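All remarks here apply to the structure that follows.
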Amino acid sequence: MRRIQEGFTSFLLQSGALKFGDFTLKSGRRSPYFINAGAFNDGRLIALLGEFYARTIVQAVKQGTLPADIDTVFGPAYKGIPLAVSTAIALSGAHGMPVGYTFDRKEVKDHGDGGLMVGTQLRDGMRVLLVDDVMTAGTAVRQVVPKIMSQAKVTIVGLVLSVDRMERTGQGQGSAVESIMDEFHFPVISIVNVRQIFGAAASMKGPDGSPILDQRTADAARNYLARYGA
Ligand SMILES: O=P(O)(O)OC[C@H]1O[C@H](OP(=O)(O)OP(=O)(O)O)[C@H](O)[C@@H]1O
Ligand SMILES: O=C(O)c1cc(=O)[nH]c(=O)[nH]1
C-alpha cells in the first residue's frame, strides 16, 4: 500500500490537484492546502485516477474489507461523477470486476427520462459502493446517503476516497471519517491520508532538484493539523 500512497501523492502533485495556498473550505475552515479533483480534466488523468481507485478497491476486496459482488459504484454530484464512471471502467476492464455506475442529479428532472439518479438505477437488494474525492467534515456523505436510501433498499458496502483530510469535526478527538463509519456502519477507505501526503512529499524534489515542499508550506500544514487534525 505504501507504494500506492507515494505514487498517488506524486500523481496529485503532477496533475496540479494538490495545491498550497489559502483556501476556504465548505466547513468554513481556512486551509493551507486543497485537493481539487477538477484538475483531473482529461482522458489520461481521469483514467489514471480510476485505476488508483480500482486498485484500492481490489486490495480491499482481497483483505475482506469490501465484498467482491458490488452492483454499482455511486459518485455524488458533481465531482463524484467522473470518479464513479472512471472507477467502473477500470474495475470492469483490467480488473475483471463488472460493475455499474450511478450518480445523482442535484435537481430532479421532470421530463424525458426524468428521475433523480443517472446510470444504473438503484433497486432493492443492490450493493452500492460510494466514491468521493475528499472528506473534511463528512457533510457531503451525510447528504447523499438519505438520497440513495430514498430510491431503494440498497446496502452501502463502503466509501472510497482519494484523500482523508483527517479532520476533527466537533469537540472530540475522532475524525470525520471515524464519525461516518460509526454513524453508517460501512468502511471508509482512502487511497491516501493527509499525513501520508505530507510524509511522502517531504522527500520529493521538483524538476529543478528543489524540494516540492518549502518550509513555510510544511509549517502551515503542521499548524493547521495541530488545530484541526484528528
Ligand atoms: O466532507 P465535507 O465537509 O462534505 O467536504 C468534502 C466535500 O466537499 C466537496 O464537494 P462540494 O460539496 O463542494 O461539491 P462539488 O462536488 O459539486 O464540487 C468535495 O468534493 C467533497 O464531496
Ligand atoms: O472541505 C472542502 O470543502 C474541500 C477540501 C478539499 O481539499 N477539496 C475540496 O474539494 N473540498
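May I ask you to list the residues in segment 21-64 that are of a type in the set (Phe, Trp, Tyr) and touching a Leu at 6+ places or on another chain (Cβ under 8 Å)?
Within segment 21-64, the subset of a type in the set (Phe, Trp, Tyr) is 23, 33-34, 40, 52-53.
Of everything in segment 21-64, those that are of a type in the set (Phe, Trp, Tyr) and touching a Leu at 6+ places or on another chain (Cβ under 8 Å) turn out to be TYR33, PHE34, PHE40, TYR53.
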(message) If I ask for residues that are within 16 Å of ligand 1 (Cβ to nearest atom) and over 13 Å from the mean Cα position of the chain (by Cα), which ones from segment 140-157 would you list?
(response) ARG142, GLN143, VAL144, VAL145, PRO146, LYS147, ILE148, ILE156
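Which of the following residues is within 16 Å of ligand 2 (Cβ to nearest atom), open to solvent by 30 Å² or more (accessible area, probe 1.4 Å), of a type in the set (D, E, K, R) and touching a residue at least 40 places away in the same chain (Cβ under 8 Å): ARG227, ARG168? Step through it out loud before you land on a result.
Details: ARG227 fails: touching a residue at least 40 places away in the same chain (Cβ under 8 Å).
Just a single option satisfies the conditions, and that option is ARG168.
I'd like to check something: does segment 118-129 contain any residue that is modelled with pLDDT under 95, part of a loop (DSSP other than H, G, I, E, B), over 14 Å from SER190 (Cβ atoms) and not acidic (Asp, Glu)? Let's see the steps before the verdict.
Start the filter on segment 118-129 by keeping residues that are modelled with pLDDT under 95, which leaves none.
For segment 118-129, residues modelled with pLDDT under 95, part of a loop (DSSP other than H, G, I, E, B), over 14 Å from SER190 (Cβ atoms) and not acidic (Asp, Glu): absent.
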(message) For segment 173-191, give me each residue that is closer than 16 Å to LEU225 by Cβ and of a type in the set (Gly, Ala, Ser).
(response) GLY174, SER175, ALA176, SER190
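It is to be established whether one or more residues within segment 54-72 are within 16 Å of ligand 1 (Cβ to nearest atom) and either open to solvent by less than 50 Å² (accessible area, probe 1.4 Å) or over 25 Å from ARG142 (Cα atoms) (or both). Quick ask: steps written out before the conclusion?
Narrowing segment 54-72 to residues within 16 Å of ligand 1 (Cβ to nearest atom): none.
No, because not a single residue in segment 54-72 is within 16 Å of ligand 1 (Cβ to nearest atom) and either open to solvent by less than 50 Å² (accessible area, probe 1.4 Å) or over 25 Å from ARG142 (Cα atoms) (or both).
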(message) Exactly one condition in (1) assigned to a loop (DSSP other than H, G, I, E, B); (2) more than 16 Å from THR120 (Cα to Cα); (3) more than 16 Å from ligand 1 (Cβ to nearest atom); (4) open to solvent by 60 Å² or more (accessible area, probe 1.4 Å) is false for HIS95; which is it?
(response) (4)
(message) Tell me whether segment 13-27 contains one or more residues that are within 22 Å of PRO207 (Cα to Cα), buried (at least 22 other Cβ atoms within 10 Å of the Cβ), within 16 Å of ligand 2 (Cβ to nearest atom) and among the polar types (S, T, N, Q).
(response) no
(request) With the checklist (1) away from ligand 2 (no atom under 15 Å from the Cβ); (2) assigned to a loop (DSSP other than H, G, I, E, B); (3) at pLDDT below 95 in hand, flag the one item GLU107 doesn't pass. (result) (2)
(message) Can you tell me how many residues within segment 53-92 are within 14 Å of LEU129 (Cα to Cα), aromatic (Phe, Trp, Tyr) and either outside any helix (DSSP H, G or I) or touching a His at 6+ places or on another chain (Cβ under 7 Å) (or both)?
(response) 1
(request) Could you run through segment 210-224 and say how many residues are of a type outside the set (Val, Ile, Thr), closer than 21 Å to GLN14 by Cβ and open to solvent by 40 Å² or more (accessible area, probe 1.4 Å)? (result) 3
(request) Select from segment 28-46 the residues that are part of a strand (DSSP E or B) and closer than 16 Å to VAL163 by Cβ and write down the one among them that is farthest from ligand 2 (Cβ to nearest atom). (result) PRO32
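The values are calculated or read from the model by the stated rules, or taken from the named source; none is laboratory data. Keep in mind that this is a model prediction, so the values were computed, not measured. Glycine also receives a Cβ, built like all others from the backbone with ideal geometry; neighbour counts cover every protein chain displayed. Accessible surface is based on the protein model in full, side chains and every heavy atom, while ligands, DNA and RNA are left aside. Shrake-Rupley method; radii C 1.70, N 1.55, O 1.52, S 1.80 Å.
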